[in-house]
1. So Ala48 ticks every box in (1) touching a residue at least 24 places away in the same chain (Cβ under 8 Å); (2) closer than 16 Å to His150 by Cβ; (3) among the small types (Gly, Ala, Ser) but one. Which box is left unticked?
2. If you take the residues of segment 25-43 that are without any contact (Cβ under 8 Å) to a residue 60 or more places away in the chain and among the charged types (D, E, K, R), which of them is surrounded by the most Cβ atoms within 10 Å (Cβ to Cβ)?
3. If you go through segment 126-134 one residue at a time, do you hit one that is surrounded by 15 or more Cβ atoms within 10 Å (Cβ to Cβ) and touching a helix residue (DSSP H, G or I) at 6+ places or on another chain (Cβ under 6 Å)?
4. Specify which of the listed residues (Phe112, Phe107, Phe95) is closer than 17 Å to Ile146 by Cα and at pLDDT 95 or above.
5. Would you please name the residue that is surrounded by the most Cβ atoms within 10 Å (Cβ to Cβ), looking only at residues in segment 91-125 that are aliphatic (A, V, I, L, M) and under 18 Å from Thr77 (Cα atoms)?
6. Condition (residue is among the polar types (S, T, N, Q), loosely packed, with under 15 Cβ neighbours inside 10 Å and over 20 Å from Ile149 (Cβ atoms)) applied to segment 59-72: is it met by at least one residue?
7. Just one of (1) touching a residue at least 24 places away in the same chain (Cβ under 8 Å); (2) more than 18 Å from Phe148 (Cα to Cα); (3) of a type outside the set (Gly, Ala, Ser); (4) surrounded by 14 or more Cβ atoms within 10 Å (Cβ to Cβ) trips up Lys84, so point out which.
8. What number of residues within segment 104-126 satisfy the criterion of being part of a loop (DSSP other than H, G, I, E, B), among the small types (Gly, Ala, Ser) and farther than 18 Å from Ile67 by Cβ?
Amino acid sequence: MQKKHFLCVIILSCLMVANTGCSKDDDNPTPKTNTELLTMSAWKFSDAKVSGTSIASLLETCQKDNILSFLAAGTGTAAEGATKCDPSDPDSNSFDWSFQTNETVLFVSTPFFTGGSSTFTIVSLTETQLVLSQTITIGIPQNAEITFIH
């Protein structure tokens, strides 16, 4: 009987020591900043909507395979991807970027899309998805929303 009691005391002691090594801080990691989220890895096109309707099927493959990379220093690269719309286009173009308006707007020094502007409203920015919007004019002003993923 004493051996069982001694064994239970040992097991409980081990469990108590193991439990003190865990802290609640491990359950609540510090949230990543917008800069960390934007610069963690390259972004690839996922979808484009105009006034809520997907237009991804209307875009050429050479437009959808481009890759955007943002660096923490405020610079970035737009790489052409596997296909180019114009074979004489460079493989990549550099740009500068910055957050504006309390990090709700993303400014890029070169428009990413024909007819687009250099500023995008950030709809959402997570570890896996970047959704940007801007007003474009195709006959009339319309809201365009572009989704990128890792």
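The values are calculated or read from the model by the stated rules, or taken from the named source; none is laboratory data. This one's a predicted model, so the numbers in the text were calculated from it and none came from an experiment. Backbone-built Cβ (ideal geometry, glycine too); neighbour counts: all protein chains shown.
1. Ala48 satisfies every listed condition except (2).
2. Just the residues of segment 25-43 that are without any contact (Cβ under 8 Å) to a residue 60 or more places away in the chain, to begin with: 25-31, 33, 36, 39.
Then drop every residue that is not among the charged types (D, E, K, R), which leaves 25-27, 36.
Values: Asp25: 8, Asp26: 8, Asp27: 7, Glu36: 12.
That would be Glu36.
3. No, because not a single residue in segment 126-134 is surrounded by 15 or more Cβ atoms within 10 Å (Cβ to Cβ) and touching a helix residue (DSSP H, G or I) at 6+ places or on another chain (Cβ under 6 Å).
4. On the way: Phe112 fails: at pLDDT 95 or above; Phe95 fails: closer than 17 Å to Ile146 by Cα.
After applying the criteria, what remains is Phe107.
5. Here is the first cut: in segment 91-125, the residues aliphatic (A, V, I, L, M) are 105-106, 108, 122-123, 125.
Retained after the next criterion (residues that are under 18 Å from Thr77 (Cα atoms)): 106, 108.
Values: Leu106: 22, Val108: 20.
The selected residue is Leu106.
6. No, there is no match, as no residue in segment 59-72 is among the polar types (S, T, N, Q), loosely packed, with under 15 Cβ neighbours inside 10 Å and over 20 Å from Ile149 (Cβ atoms).
7. (1)
8. Start the filter on segment 104-126 by keeping residues that are part of a loop (DSSP other than H, G, I, E, B), which leaves 104, 109-118, 126.
Checking which are among the small types (Gly, Ala, Ser) leaves us with 109, 115-118.
After this cut, where a residue has to be farther than 18 Å from Ile67 by Cβ as well, the list is 115, 117-118.
Total meeting the criteria: 3.
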